[in-house]
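Notes for the one structure printed next.
A short reminder: the numbers here are calculations on the coordinates, not readings from a lab. It should be emphasised that the depicted structure is a prediction, and the values quoted were computed from it without experimental measurement. Because the Cβ atoms are built from the backbone with ideal geometry, glycine has one as well, and the counts that use them run over all protein chains shown.
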Amino acid sequence: MSEGLLKTQIISPDNEVYEGDTDMVVLPGEDGDFAAMYEHAPIITFLRPGKVEVFSKGEKEKITFFVAGGFVKIQNNNCLVMVDYIRKSSEIDVKENEKRISELLSKLEKTQDQGIRDNLIMNIDLIRSENQASE
Amino acid sequence: MPSLKDLRNRIDSVKSTKKITQAMKMVAASKLKKAQSLAEKGRSYSSGLDSIVKGLVNSSENIEHPLLGNNLDDKSSSLIIVVSSDRGLCGGLNSNIVKAVKKKINELEGKKKSASLVCIGKKGFDLLSGLYEKMFNFEVKYINISEVDYKSTEEIGKKILDSFYKNDFQECSLFYNHFNSVISQEVKVEKLIPYSNSDEADSENQNNIDTYFEYEPNEEEVLSKILPKNFIVQIYKAILESKASEQGARMTAMDNATRNAGDMIDNLSLKYNRQRQAIITKELIEIISGAEAL
């Protein structure tokens, strides 16, 4: 294990969700999850909706977030995660989300408009992946 | 010379105005705190994204994207996004921005270019619609800034981008009030399309150019996703800045108004007391001279 630490910052447009020194951050990259540690090569890439796991310095417990896509920039041991929507996994209410999914599904059956349908399907997928991230 | 009763009425009305301005100042002060912290948080997001875009654009010279505008010769039409507040009573905030917009429109008209306007914030629309009614030809004329969150910004941003891809306009600039501090807000103009490398070459940015980044999946794809995103985020940043500016400006304006009302009350009270004394003296003289005559 390396001595150095990865400075991590997770921000959304209207909030700074996390800032601190970490041992490792696991990110849902578009082509698969990847872990970033100290001395990671400079990279800019997208995130797909999924789980971000933060292993804070010295802590045994990891902090898990659900993100709905975004960007990540790693440079000089600074990891900047920029997301549109983020939630702490511990705050996700699975039952509430399932209720919303069934509501959206019933809406989906009623509409014919392709644009609205696509939007609904996207929302449903997003909530489903949020639920998966809570486990 | 106004009568005593008139003066008393005036003092009362100024007093109640003072109460209102004082209350408005308090409200603005408490809203300011929240708006300011939002604006500051928004800054870190937008500057982070902006630095990525800058690095990308600088590192690769032959990348082409419509939003970069390097393959456009015909720049005849532009879209102007004006971010103002919904309500007045906030000093010169809205009139400053309108002045800047007017200047820009005159400039464009001088060059025989057409312009369209979109307002975020009702006041800007109120002030501009009388002058340039025809320029509000975009599908959205204005939205109230108080109702805007990131999601709705994304929606409107996408609409604007769609119409850009349809070639309805070739340039896009953004007018907003930048929040410097409670007492100072300045009008800022940002050119969003074509993406311009602003001249602020900060150290972090310099750093960015030097580092070789790995882009996944590749540079072009990253750029084509990040540019529209940056467009929306910059608008959102402007909205947050404007919201903070509005509260700051209102706070200062109302503070001044309260102070002025206080001065006015002092003056009026002085007048009132003088006149009261004058009446008493007059009555005394009448009584004394009446007694002497006996």
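Would you mind telling me the antiparallel percentage of the DSSP bridges in the protein assembly as shown, rounded to 5?
Details: 46 of 69 bridges.
Looking only at bridges with both residues in the protein assembly as shown, the antiparallel portion is about 65 percent.
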Which chymotrypsin sites (Phe, Trp or Tyr not before Pro) from region A:66-123 combine a DSSP loop assignment with at most 12 other Cβ atoms within 10 Å? none
Please express the Cα-Cα pair-distance distribution P(r) of region B:71-133 as a list of whole percents, one per 5 Å bin, running from 0 to the bin with the greatest distance. 4, 17, 28, 23, 13, 8, 5, 2, 1
Ratio of the Cα radius of gyration of chain A to 2.2 N^0.38 Å, where N counts its residues: 1.18
Aspartates and glutamates within cross-link reach of residue A:57: Cα-Cα under 19 Å, excluding same-chain residues under 8 positions apart? A:3, A:16, A:19, A:21, A:23, A:39
Can you list residues whose amide H is under 5 Å from residue A:33's amide H, if they're 5+ apart or on another chain and H is modeled 1.01 Å from N? none
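Counting alpha carbon pairs within less than 8 Å and at least 6 residues apart, what relative contact order, in whole percent, applies to chain A?
Working: 261 pairs, mean separation 28.7, N = 135.
RCO, chain A: 21 percent.
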Taking Rh as the Kirkwood radius computed over alpha-carbon pairs of the protein assembly as shown and applying Stokes-Einstein at 37 °C with viscosity 0.692 mPa s, one gets a diffusion coefficient in µm² s⁻¹ of 129 µm²/s
Where GluC sites (Glu not before Pro) fall in DSSP loop in region B:83-172, at most 13 other Cβ within 10 Å: B:139
So which lysines can residue B:31 reach, going by Cα to Cα under 26 Å and dropping same-chain residues fewer than 8 places off? B:15, B:18, B:19, B:41, B:122, B:123, B:151, B:188, B:237, B:243
P(r) histogram, all alpha-carbon pairs of region B:19-136 included - 10 Å bins from 0, percent: 11, 26, 30, 25, 7, 1, 0
Evaluate the relative contact order of chain B (contact order divided by residue number), counting alpha-carbon pairs under 8 angstrom at least 6 apart; express in whole percent. 33 percent
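Okay, helix-only estimate at 222 nm for chain B: each DSSP H run of n ≥ 4 adds -39500 (n - 2.57), divide by all residues, round to 500 deg cm²/dmol; what do you get? Walk me through the numbers on the way to the answer.
Details: 6 runs with 181 residues, N = 294.
Result for chain B: -22000 deg cm²/dmol, rounded to the nearest 500.
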Which three lengths, in whole Å and largest first, does chain B cover when its Cα atoms are put on their principal axes? 112, 40, 30
Name the trypsin sites (Lys or Arg not before Pro) in region B:139-180 that are in a loop by DSSP and that have at most 10 other C-beta atoms within 10 Å, would you? B:166
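What value, in deg cm²/dmol to 500, does the helix sum -39500 (n - 2.57) over DSSP H runs of n ≥ 4 give at 222 nm once divided by the residues of chain A?
Working: 2 runs with 38 residues, N = 135.
Mean residue ellipticity at 222 nm (helix-derived): -9500 deg cm²/dmol.
Over region A:1-53, what lengths in whole Å, largest first, do the semi-axes of the equivalent ellipsoid take, defined as the square roots of 5 times the eigenvalues of the alpha-carbon gyration tensor?
Numbers: eigenvalues 67, 49, 18 Å².
One finds semi-axes of 18, 16, 9 Å for region A:1-53.
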log₁₀ of I(q)/I(0) at q = 0.17, 0.20, 0.34 Å⁻¹ - region B:104-146, Debye sum with one point per alpha carbon: -0.47, -0.62, -1.18
Along the charge dipole of the protein assembly as shown, Cβ charges K/R +1 and D/E -1, which of B:179, B:233, A:68 sits furthest on the positive end? B:179
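Could you tell me what fraction of 2.2 N^0.38 Å the Cα radius of gyration of region A:56-95 comes to, as a two-decimal ratio?
Normalised Cα radius of gyration, region A:56-95: 1.41.
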Nearest 10 degrees is fine. How inclined is helix B:219-293 to the longest principal axis of chain B, computing both from alpha carbons? 10 degrees
Per residue of region B:150-157, in order, report the coupling 6.51 cos²θ - 1.76 cosθ + 1.60 (Karplus, θ = phi - 60°) as ³J(HN,Hα) in whole Hz, putting x for Gly and Pro. 5, 5, 6, 4, 4, 4, 5, x
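So if each residue of separation counts as 0.36 nm, and I subtract the Cα-Cα distance between residue B:259 and residue B:99, what length gain in nm does that give?
Values: separation 160, 0.36 × 160 = 57.60 nm, distance 2.77 nm.
Result: 54.8 nm gained on full extension.
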Whichever lysines have a C-alpha closer than 16 Å to that of residue A:62, once near sequence neighbours (fewer than 8 apart) are set aside: A:7, A:51, A:88
